[in-house]
1. On average, how much accessible surface per residue is there in the chain, in Å², for a 1.4 Å probe, leaving out ligands, DNA and RNA?
2. Can you tell me what share of the DSSP beta bridges in the chain is antiparallel? A percent to the nearest 5 is fine.
3. Using alpha carbons only, how many angstrom separate the centre of region 26-68 from the centre of region 89-124?
4. Over region 1-117, with every protein chain in place, what whole percent of the accessible area is carbon and sulfur at 1.4 Å, could you tell me?
5. Sticking with the crude label model, points 7 Å out along Cα→Cβ, report the distance from S55 to T82 in nm, one decimal please.
6. How long is region 71-124 along each principal axis, judged by its Cα atoms, biggest number first, in Å?
7. How would you order 80-86, 11-17 from highest to lowest mean count of nearby Cβ atoms within 10 Å?
8. At 1.4 Å probe size, what's the solvent-accessible area of E42? Round to the nearest 10 Å².
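The values are calculated or read from the model by the stated rules, or taken from the named source; none is laboratory data. Worth saying up front: this structure is predicted, and the values here are computed from it rather than measured. Because the Cβ atoms are built from the backbone with ideal geometry, glycine has one as well, and the counts that use them run over all protein chains shown. For the accessible areas, the whole protein counts, side chains as well, though only heavy atoms, and no ligand, DNA or RNA atoms are used. Shrake-Rupley method; radii C 1.70, N 1.55, O 1.52, S 1.80 Å.
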Amino acid sequence: QVQLVASGGGLVQAGGSLRLSCAASGRSNYAMGWFRQAPGKEREFVGGISGRGDSTNYVDSVKGRFTISRDNVKNTVYLQMTVLKPEDTAVYYCAARMAGLYSVSRDRNAYPYWGQGTQVTVSS
């Protein structure tokens, strides 16, 4: 069983930055994904990183603004968010899957383990 604890959300003005963290228990090489869900919308893929950490994938709307990295010693994955926009406002979730040592999945159904979510609010 994998436990994920997400943190780092908050309120920020448009153009600002936040860094989310997701600490995982157990093995250190889970493929990890970040998803977000805004009120009234489906949960959507934001970005992900392979278990080895050498492959990342992002949704087009965050490319060039968000960066995912991982520290396998600390068993933690980070989502660095810059140039935040009001449309980035959502609850952000991290998720883990044991497959995906070399690749990233955008499919939320591929991730059996989920963190509790952290709220990100971007004011205009």
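1. For the chain, the solvent-accessible area averages 49 Å² per residue.
2. Of those bridges, close to 90 percent are antiparallel.
3. Going from one Cα centre to the other spans 6 Å.
4. 47
5. 2.6
6. 39, 27, 20
7. 80-86, 11-17
8. 130
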